[in-house]
Amino acid sequence: MSGAVSAAIEVRAVEKRFGNVGIIRDLNLSVAKGERHAIIGPNGAGKSTTFNLISGHIAPTSGEVRLNGDLISGLRPFEINRRGLSRSFQVTNVFARMTVWENVRCAVLWATGHRYAFWKNVDSLPEVRERTAQILDDIHLTHRRDVPAGLLTYAEQRELEIGITIASGATVVMLDEPTAGMSHAETDRAVALIRRLTEGKTLVIVEHDMSVVFGLADRISVLVYGHIITSGTPEEIRRDPKVKEAYLGEEAH
Amino acid sequence: MTTAATSTSKMAAEPAGGLRFYGVWLLGILVLIVLPMIFSSGGSLTSFSLIGIAIVFALSYNILLGQTGLLSFGHAVHYGLGGFAACHMMNAVVSHGWPIPLPFIPLFGGLGGLAFAVIIGWVMTKRAGTVFAMISLGIGELVASSSLILRSVFGGESGITTDRTALPKMLGWSFGPQLQVYYLIAFWLVLSAIAMYALTRTPLGRICNAVRDNPERVQFIGYDPHVVRYIAFCFAGFFAGIAGGLAAINFEIANSAYLGAIQSGLVLFSTFIGGTAFFFGPILGAILVTYLQLGLTNLTTAWQLYFGIIFIGIVMYSPGGIAGLLMMHRPLIRAGTLWTVIPSYLVAVVPTVALACGVILAIETVARFSGGDPINLFGIAFIATSPVTWLTAAILVVGGFFVARLAWRRIAEAWDKAATVARDRGYLA
């Protein structure tokens, strides 16, 4: 099964039911290593649920999810995260009372091996400090390092959200609507940021802004009513009549 | 209120800030050494000893409430078990002739509190929020009632007594005099406070804050919030046990009152009134609450009512506690705009004090109506059954309230202006 191992994320026949309601039906998705993969679909198609299923936020009713060939469905979110998958949230989900610096530093601690250590001074860990400073620099928030995250502007919080997500150095990064609610200028900045920070990594992104999707993604999957109706390159997706009917059609007119 | 983390990380970075940081600790130690030389009466030594114990206890509680966001209604369980462990240990040392002097006993109290936390904590900390609060309440009641039933361990109603002077001497100290006990408590207070502060500066301590702010997100940066809560709970249990051990040494007894709901409530009071967002908050709270508890019980039978009023006032108007109130002023001091607020404070003092006096007079009138000593307010005696007293109380309350409200509004306006300037100058986010 060399094909399965080369995929960063492999979702096979996953179903998710809440009671009798099937939110996700027979979901199949394959994301190759190093690929930028966008998931699009109309509202309520189950994009965020798909994210939650892959990242361990909720467990699938049946089917399996593999990360770099290892079965991860049924694992807890932190166990999946430790295996190198990191995700952001659609609704900003930071540590509001802690400073920007502390937010990013917390996200660095596990990956640098400090875990639950209560015998080390957190301020005198050079690799943690350097990596935190580097991430802050990357997300352009160095000048806001001492501000509590809850007091940042919305766009800054979204950038911090991305910073926390990539801080652990995960090889698979999943971003849930990173540009939602941003202005054009902010969106352009965020896309450039995402492009730069996920260089050489596998990226899965849910996005409503089609210019972002078609500008960023190597491959696109279209999710409708909890089922992926097609996957392909942006060009293939653009031409696919099923997609036009199910999704783009509504927005194009 | 969120500047605590900021300032500490800056302190570590700037040598000047570091100097000031160590200066504060050294000053604290100095105060502890000098205090009994200035106030040497037996009464003040007893008070200082109790305050020292209360500070260790409140700081341990804040590991849960302020650092990790866990609201416990049963923290006294660890305090009490620490007390019993210390008493049993002291008696064992005496009867077996072990060479363990008294200053090491609080450590065994800590181990007692820790042992129970290790056993019960994993189940308790599975969930935070209401679930944790309810379980802590249940465990608290369970242990408190068990202590009356399991007589061989807890000694029933009368508790377990001990004699601290029977232990081996250390450096010639018998620990009979209260002064020596005070220094023993002060020593453990400093040791525990430094340890608990250092804990907040570790990777675990930082992640505790993250769990407090957003347990869901913590899972997506590699941490199991359950494990974080559990370790924090164990540390809190350990230091509460040390406080209980100190209390056992101080009173030479441990009984069921140590682990009861009243004790758990008091530590919640102290910590919250002092302020949970800053490390020094619980210290202020423990000093104030213990001092009031000792002072008010002599003055009035309604002392618990005053506690309640203070607590409600803090919860409603200053959820950051006393520490939060004080630290609100820091950006203004830095921006140099504090002086614009001070005059409005001074204006507000008179009507606020009048209002407070009116409330006190009214409460005492009700409390002493059916008999009791006359009310002594600033040397003026009021008779509870006299209409003059009622009228004075009514005038003070109503008049004080209306004038005070105007004055408070002025404070708010002055404050807004000063904060705007501070914001413009970049001292306030």
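The values are calculated or read from the model by the stated rules, or taken from the named source; none is laboratory data. Everything numeric here is computed off the predicted structure, so don't read it as measured data. So basically every Cβ, Gly included, is an ideal-geometry build from the backbone, and we count neighbours across all protein chains shown. We work out accessible area using only protein heavy atoms, side chains counted, and drop any ligands, DNA or RNA first. Shrake-Rupley method; radii C 1.70, N 1.55, O 1.52, S 1.80 Å.
Go through the range A:196-218 and report how many residues are open to solvent by 10 Å² or more (accessible area, probe 1.4 Å), under 13 Å from the mean Cα position of the chain (by Cα) and of a type outside the set (A, V, I, L, M, F, W, C). Residues in the range A:196-218 being open to solvent by 10 Å² or more (accessible area, probe 1.4 Å), under 13 Å from the mean Cα position of the chain (by Cα) and of a type outside the set (A, V, I, L, M, F, W, C): 1 in total.
A single entry from A:Ala38, A:Ala32, A:Ala4, A:Ala8 fulfils the requirement of being of a type in the set (A, V, I, L, M) and modelled with pLDDT under 95: A:Ala4. Scanning the range B:196-213 for residues being within 7 Å of chain A (Cβ to nearest Cβ), of a type in the set (A, V, I, L, M) and either in contact (Cβ under 8 Å) with a residue 40 or more places away in the chain or surrounded by fewer than 20 Cβ atoms within 10 Å (Cβ to Cβ) (or both) gives a total of 1. Residues that are of a type outside the set (A, V, I, L, M, F, W, C) and open to solvent by less than 40 Å² (accessible area, probe 1.4 Å) were ranked within the range A:25-47; the one that is farthest from A:Glu235 (Cα to Cα) is A:Gly46. Taken over the range B:169-179, the criterion of being of a type outside the set (Gly, Ala, Ser) and closer than 17 Å to B:Ile100 by Cβ is satisfied by B:Lys169, B:Met170, B:Leu171, B:Trp173, B:Phe175.
Looking across the range B:267-292, the residues that are closer than 24 Å to B:Ser44 by Cα and either open to solvent by less than 30 Å² (accessible area, probe 1.4 Å) or in contact with a His (Cβ under 9 Å, 6 or more places away or on another chain) (or both) come down to B:Val267, B:Ser270, B:Thr271, B:Ile273, B:Gly274, B:Gly281, B:Pro282, B:Gly285, B:Ala286, B:Val289, B:Thr290.
Scanning the range A:28-76 for residues that are in a loop (DSSP other than H, G, I, E, B), closer than 28 Å to A:Lys242 by Cα and free of Cβ contacts under 8 Å to residues at least 24 places away in the same chain returns A:Asn43, A:Gly44.
Across the range B:157-176, the qualifying residues are those that are polar (S, T, N, Q) and not in a helix (DSSP H, G or I), and the one among them that is surrounded by the fewest Cβ atoms within 10 Å (Cβ to Cβ) is B:Ser174.
Every condition in (1) at pLDDT 95 or above; (2) open to solvent by 20 Å² or more (accessible area, probe 1.4 Å) holds for B:Phe132 except the one numbered (2). Beta carbons closer than 6 Å, at least 6 apart along the sequence or on distinct chains, pair a first residue in the range A:103-128 that is within 19 Å of A:Leu160 (Cα to Cα) with a second that is open to solvent by 50 Å² or more (accessible area, probe 1.4 Å) and modelled with pLDDT of 95 or more for A:Val108/A:Arg131. Exactly one residue out of B:Leu81, B:Leu65, B:Leu59 is surrounded by fewer than 24 Cβ atoms within 10 Å (Cβ to Cβ), within 21 Å of the chain's Cα centre (by Cα) and of a type in the set (A, V, I, L, M), and it is B:Leu65. Can you say whether A:Ile237 is in a helix (DSSP H, G or I), over 27 Å from A:Arg12 (Cα atoms) and not basic (Lys, Arg), as far as the supplied structure shows? So A:Ile237 does not fit the description; no.
The condition of being over 30 Å from A:Gly169 (Cα atoms) and either outside any helix (DSSP H, G or I) or within 14 Å of chain A (Cβ to nearest Cβ) (or both) holds for B:Ala236.
For the range A:82-100, a residue qualifies if it is assigned to a loop (DSSP other than H, G, I, E, B) and either at the interface with another protein chain (Cβ under 8 Å from one of its Cβ atoms) or of a type in the set (A, V, I, L, M) (or both), and the qualifying residues are A:Phe89, A:Val91, A:Asn93, A:Val94, A:Phe95, A:Ala96, A:Arg97, A:Met98. B:Tyr223 passes every criterion in (1) assigned to a helix (DSSP H, G or I); (2) over 16 Å from the mean Cα position of the chain (by Cα); (3) modelled with pLDDT of 95 or more apart from (1). If I filter the range A:143-155 for residues that are more than 13 Å from the chain's Cα centre (by Cα), surrounded by fewer than 19 Cβ atoms within 10 Å (Cβ to Cβ), at positive phi and more than 9 Å from chain B (Cβ to nearest Cβ), do I get at least one hit? The answer is no; no qualifying residue exists. Checking the structure you have, find out if any residue of the range B:251-266 is more than 14 Å from chain A (Cβ to nearest Cβ), open to solvent by less than 20 Å² (accessible area, probe 1.4 Å) and in contact with a strand residue (DSSP E or B) (Cβ under 9 Å, 6 or more places away or on another chain). Yes, the range B:251-266 contains a residue that is more than 14 Å from chain A (Cβ to nearest Cβ), open to solvent by less than 20 Å² (accessible area, probe 1.4 Å) and in contact with a strand residue (DSSP E or B) (Cβ under 9 Å, 6 or more places away or on another chain). A count restricted to the range B:214-230 and to residues that are at the interface with chain A (Cβ under 8 Å from one of its Cβ atoms) and surrounded by fewer than 21 Cβ atoms within 10 Å (Cβ to Cβ) stands at 3. Scanning the range B:177-190 for residues that are touching a Pro at 6+ places or on another chain (Cβ under 9 Å) and either of a type in the set (A, V, I, L, M) or open to solvent by less than 30 Å² (accessible area, probe 1.4 Å) (or both) yields B:Leu179, B:Tyr182, B:Leu184, B:Ile185, B:Ala186, B:Trp188. Apart from one condition, B:Cys87 fits all of (1) open to solvent by less than 10 Å² (accessible area, probe 1.4 Å); (2) in contact with a Phe, Trp or Tyr (Cβ under 9 Å, 6 or more places away or on another chain); the exception is (2). Restricting the range A:101-131 to residues that are outside any loop (DSSP other than H, G, I, E, B) and small (Gly, Ala, Ser), the residue that is nearest to the other protein chains (Cβ to nearest Cβ) is A:Ala107. Being among the β-branched types (Val, Ile, Thr) and within 14 Å of another protein chain (Cβ to nearest Cβ) holds for only one residue in A:Ile139, A:Ile194, A:Ile135, and it is A:Ile135.
Of the residues that make up the range B:324-342, is at least one under 14 Å from the mean Cα position of the chain (by Cα) and not in a loop (DSSP other than H, G, I, E, B)? No: the range B:324-342 contains no residue that is under 14 Å from the mean Cα position of the chain (by Cα) and not in a loop (DSSP other than H, G, I, E, B).
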